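Below is one structure; the comments refer to it alone.
The values are calculated or read from the model by the stated rules, or taken from the named source; none is laboratory data. Remember, it's a predicted structure, so these values are computed and weren't measured experimentally. In this analysis, Cβ positions are derived from the backbone assuming ideal geometry, glycine residues included, and neighbour counts consider all displayed protein chains. With ligands, DNA and RNA removed, areas are computed over all heavy atoms of the protein, side chains included. Shrake-Rupley method; radii C 1.70, N 1.55, O 1.52, S 1.80 Å.
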Amino acid sequence: AQKVTQAQTEISVVEKEDVTLDCVYETRDTTYYLFWYKQPPSGELVFLIRRNSFDEQNEISGRYSWNFQKSTSSFNFTITASQVVDSAVYFCALSEGGSEKLVFGKGTKLTVNP
Amino acid sequence: NAGVTQTPKFQVLKTGQSMTLQCAQDMNHEYMSWYRQDPGMGLRLIHYSVGAGITDQGEVPNGYNVSRSTTEDFPLRLLSAAPSQTSVYFCASSHGLSWETQYFGPGTRLLVL
């Protein structure tokens, strides 16, 4: 069964600090897909990244970067030089290749203080 | 394109009342799904559909019904609302199946008294 664990319930940082959000997943499939979504205080869900299990290259997009490590079943998300606008709940999610279901972690609430 | 739309944005129900949450998408997506979001619980899958005429249960289907008569629409029905169904409901859609990027609607906030 597929499962996603986001052990950090809440994180609080000061602006310009770097912060890493952890995501650990469980799956028996060799083909699977991992996602990160952002939910700002306004409530909508914003897609950030999708990564398949065959692509372990790290990804960088501006201040955002993702570290995918199959050896530790982790797909961690780092925000460099955090800003107040990064304050949100961040969700990690997993879909197995043969599944019709997307499973979410419980989310990590990030607060960036000025 | 409007993307994924949901109505209403907010609803108050009394225990035992029924209602339908509407979800529509104009992207010709095959896959549609409903999630509920509760504090500390993340998003949990209620029902999903891989195409018109095909629906299946997710993690928390009890108390909810769905149907998919068209590609565009995927309504969620509460037959007899209970306070435990107080939640924020999100509809999502994608090309292909659940491993494709899901596009979410703005959500419906439901309060059952």
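Remarks
- Scanning residues 5 or more positions from B:ALA82 or on other chains, those with amide H under 5 Å from its amide H are B:GLY16, with H placed 1.01 Å from N in the peptide plane.
- Over all pairs of different C-alpha atoms, chain A has a mean inverse distance whose reciprocal, the Kirkwood radius, equals 14.2 Å.
- Which listed pairs, of A:LYS109/B:LYS9; A:LYS16/A:LYS106; A:LYS3/A:LYS70; A:LYS3/A:LYS101, have C-alpha distances above 18 Å, in listed order: A:LYS109/B:LYS9; A:LYS16/A:LYS106
- For A:CYS23, distant residues with modelled amide H under 5 Å away: A:PHE75, A:ASN76, A:PHE77
- In the stretch A:31-93, Cα pairs under 8 Å separated by at least six residues give a relative contact order of 38 percent.
- Of the solvent-accessible surface of the stretch B:1-55, computed with a 1.4 Å probe over protein heavy atoms with every protein chain present, carbon and sulfur atoms account for 51 percent.
- The stretch A:60-114 - percent relative contact order, Cα under 8 Å, separation 6 or more: 29
- Rounded to the nearest Hz, the phi-derived 3J(HN,Hα) couplings of the stretch B:67-79 under the Karplus curve 6.51 cos²θ - 1.76 cosθ + 1.60 (θ = phi - 60°) are 8, 9, 8, 10, 5, 7, 10, 8, x, 10, 10, 9, 7, where x marks glycine and proline.
- Other residues with beta-carbon under 14 Å from the beta-carbon of A:GLU44 carry, at +1 per Lys or Arg and -1 per Asp or Glu, a net charge of +3.
- Integer Hz, Karplus 6.51/-1.76/1.60 couplings in order for the stretch A:38-47, x for Gly and Pro: 10, 10, x, x, 5, x, 6, 9, 10, 5
- Pairwise burial B:A, computed as accessible area of each alone minus the pair, summed, 1.4 Å, Å²: 1700
- The stretch A:3-114, dipole about Cα centre (Lys/Arg Cβ +1, Asp/Glu Cβ -1), debye to the nearest 20: 140
- Over chain B - Rg/Rh using Cα atoms and the Kirkwood inverse-distance radius: 0.94
- Solvent-accessible surface of the protein assembly as shown, taken per residue with a 1.4 Å probe and all protein chains present: 46 Å².
- Debye, to nearest 20: dipole size of the stretch B:1-91, +1 on Lys, Arg Cβ, -1 on Asp, Glu Cβ: 340
- Contact order relative to length of chain A, as percent, for alpha carbon pairs under 8 angstrom and 6 or more apart: 39
- Diffusion constant of the protein assembly as shown at 4 °C, which comes from Stokes-Einstein with the Kirkwood Cα-pair radius and 1.567 mPa s, µm²/s: 72
- Rounded to the nearest 20, the Cβ-based charge dipole of the stretch A:1-43 about its Cα centre (Lys and Arg +1, Asp and Glu -1) stands at 200 debye.
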